[in-house]
Amino acid sequence: DMAHGVHPNYPEKYQVNFRPALHKGPVLKHNANQRYTTDSISATKIRKLAEQNDIPIQEFAVRNDSPCGSTIGPMLSARTGIKTVDMGVPQLSMHSIRELCGANDVTHQIDLFTAYFAKFRL
């Protein structure tokens, strides 16, 4: 999936400590109302994997006074029982005709996936 990168014209719309920036690495997405599947266990595993492989990770949480979209993650996790995490590359202007993201972030995301599957154990 993708993640909302902080828009330079509207930084006040983001939590102070949860402002994903382009070219700063993949984003773990959190939501207290379970609009995303990330929980403390899945987030910790991803953070640890990223740290072990020198991959930068950012965090995102929607402000309490802002609406939040969702992903198919919560439904898939509930139906399968598989531990999941919602994450993505930060992107500006999501759902507009001029979306953009940082090329470095795509590389970091691929590196994270590669490390995950290299170390995956049943």
If we keep only residues of the stretch 72-97 that are under 19 Å from Ala43 (Cβ atoms) and of a type in the set (D, E, K, R), then the residue farthest from the chain's Cα centre (by Cα) is Lys83
Filtering the stretch 77-122 for residues that are open to solvent by 60 Å² or more (accessible area, probe 1.4 Å), of a type outside the set (Val, Ile, Thr) and part of a loop (DSSP other than H, G, I, E, B) leaves a count of 8
Leading residue by the ranking (least open to solvent (accessible area, probe 1.4 Å)) among those in the stretch 51-67 that are modelled with pLDDT of 95 or more and either assigned to a loop (DSSP other than H, G, I, E, B) or acidic (Asp, Glu) (or both): Ile55
Evaluate the following for Ile41: is it of a type in the set (A, V, I, L, M), at pLDDT 85 or above and not in a loop (DSSP other than H, G, I, E, B)? yes
Here is a list: Thr38, Thr84, Thr44. Which entry is free of Cβ contacts under 8 Å to residues at least 12 places away in the same chain and closer than 23 Å to Lys119 by Cβ? Thr44
Counting just the residues of the stretch 1-38 that are in contact with a Lys or Arg (Cβ under 8 Å, 6 or more places away or on another chain) and under 25 Å from Ser77 (Cβ atoms), which one comes out most open to solvent (accessible area, probe 1.4 Å)? Asp1
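The values are calculated or read from the model by the stated rules, or taken from the named source; none is laboratory data. These figures come from a predicted structure and were not determined experimentally. As a convention, Cβ positions derive from the backbone with ideal geometry for all residues, glycine included, and neighbour counts pool all protein chains shown. The area values use the complete protein model at the heavy-atom level, side chains included, leaving out ligands, DNA and RNA. Shrake-Rupley method; radii C 1.70, N 1.55, O 1.52, S 1.80 Å.
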